[in-house]
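Each value in this text was obtained by applying a stated rule to the coordinates, not by laboratory testing. Bear in mind the structure is a predicted one, so any value in this text is a computation, not a measurement. Glycine gets a Cβ as well: all are built from the backbone with ideal geometry, and neighbour counts include every protein chain shown.
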Amino acid sequence: MKQTDRRIEESESLFRTVAQLTPAGIFRTDTAGACTYVNDAWCEMVGLSGEVALGSDWSAAIHPDDRALAFAQWTQATMERQPFVSEYRLRRPDGKVLWVVGRAQAELGPRGEVRGYVGTVTDITERIGAETALRNINDELERRVEQRTADLVLARDAAERANHAKSDFLSRMSHELRTPMNAVLGFGQLLASDPAHPLPPEQSENVQEILNAGRHLLALINEMLDLSRIESGRIELSPEPIELSMLVEECLALIRPLAAKRNISASAGSGGGIVRADRLRLRQVLLNLLSNAVKYNRDAGSVHVTCRSATGRIRVAVRDSGRGIATDALPRLFQPFERLESAYDGIEGTGIGLALCKKLTEAMGGNIGVDSVAGEGSTFWVEFPQALAPAAAARKKDAPL
């Protein structure tokens, strides 16, 4: 018996030593909730001395705003014979408030009766503070993101309005300019071709200069009009199967007189194929690429066109032997009104042509790009899905399902 009592005393001594050393507050109560044991950490948390804490209600230090919820959870845990776990605040007599997580469990007798309760409280004030600070930061970030998003939406709407206004302006101005320009060209052609009143050589040359300048200006007006139509979604396309080899030869025939003036050869490879596109617009794109290949070429240079098919697509490439384009300038190449003047000083143009080619090509379901090395020349290409010949397409359409 004495040995058993000694072991009990040693066990109790060890428990009290461990309880005093642990940073968590430990308490034990009777069935009414009055404390029958508290460690030093508990006393520190609730702000009471050991003498005052013993016999006091364990819940007296719970913050009034948290007491109802803590009691409800305590009652439910007791009824279900489950451990009580809850986060709540403690308010000390000196006014300091701590956040703690409380854990408690009923001590049961041999017949399952409740003899009292034992529990712990752990200070989580720093954790709650960090979570609150993080939540505040997240709220502030969300507020800033919402504000930034709203600002971007306003900026986007303003940019779209400005873009529409620009497109409307270009469209209206192009229409207004085309009428008098057609009149200038018409009267210039009458002066140049009137057999009843032939012009002297000097005046005839002057009229030809007027006609050349007028045609150039009319072409620029038409390009601006096309650009504004595409940007406003008002362009009309009529896709059809197109034999590329025939269209390429047609475009080369138109560009060769311009190339011949500078002794530039213009040729095409033997490849071909059929794509589905708007014939007039594809012809416009190819002529633009070919005229640029001549314009930005060197004297006695060359322009060569190839058509190659791969993975269901056909690429038409226009290679020139000109100056090439610096790598850092390539991203700006297809921007409207971007002429890269540093590379092509003294060459006429507005920077509309390539931007128009890009928009027309993409509107027809194709892609456009460029491969270039400064000093070695450039290769501009357009790529479209391969299509069936009209006869083959008709047979496929009429075939039984």
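Here are the numbers:
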{"item": "Length-normalised contact order for segment 150-231 - Cα pairs under 8 Å, 6+ apart - percent", "result": "44"}
{"item": "Prolate/oblate/rounded call for segment 23-122, Cα gyration tensor, a/c under 1.5 rounded", "result": "oblate"}
{"item": "Relative contact order (%) - criterion: Cα under 8 Å, at least six apart; region: the chain", "result": "9"}
{"item": "Cα-projected label distance for V145 with K96, points at 7 Å along beta-carbon direction, nm", "result": "3.8"}
{"item": "Length released on extending from L388 to I124, taking residue separation times 0.36 nm less the Cα-Cα span", "result": "87.6 nm"}
{"item": "Nearest 10 degrees, 0 to 90: helix 2-21 Cα axis against the chain principal axis", "result": "40"}
{"item": "Residue-count net charge about V100 - beta-carbon cut-off 15 Å; Lys, Arg +1, Asp, Glu -1", "result": "0"}
{"item": "FRET efficiency for E376 and E250, using Cβ-Cβ distance with R0 set to 41 Å, rounded to 0.05", "result": "0.90"}
{"item": "Within the chain, percent of DSSP bridges classed antiparallel, to nearest 5", "result": "95"}
{"item": "Which label in (i) 22.5; (ii) 21.8; (iii) 30.1 gives the computed Kirkwood radius over Cα pairs in Å", "result": "(iii)"}
{"item": "The chain: angle of helix 279-295 to the longest principal axis, Cα-based, in degrees nearest 10", "result": "80"}
{"item": "Spin-label model distance (nm) - F71 vs R115, 7 Å beyond Cα toward Cβ", "result": "2.8"}
{"item": "Paramagnetic label zone (point 7 Å from Cα along Cα-to-C-beta, T22; backbone N under 19 Å) in segment 117-135", "result": "117-125"}
{"item": "Net length gained if the chain between R178 and A133 were fully extended (0.36 nm per residue, minus Cα distance)", "result": "9.6 nm"}
{"item": "Contour excess over end-to-end distance, with Cα ends at L108 and R298 and 0.36 nm allotted per residue", "result": "58.2 nm"}
{"item": "For peptides 151-160, 258-267, 295-304, sequence by mean Cβ density within 10 Å, most packed first", "result": "295-304, 258-267, 151-160"}
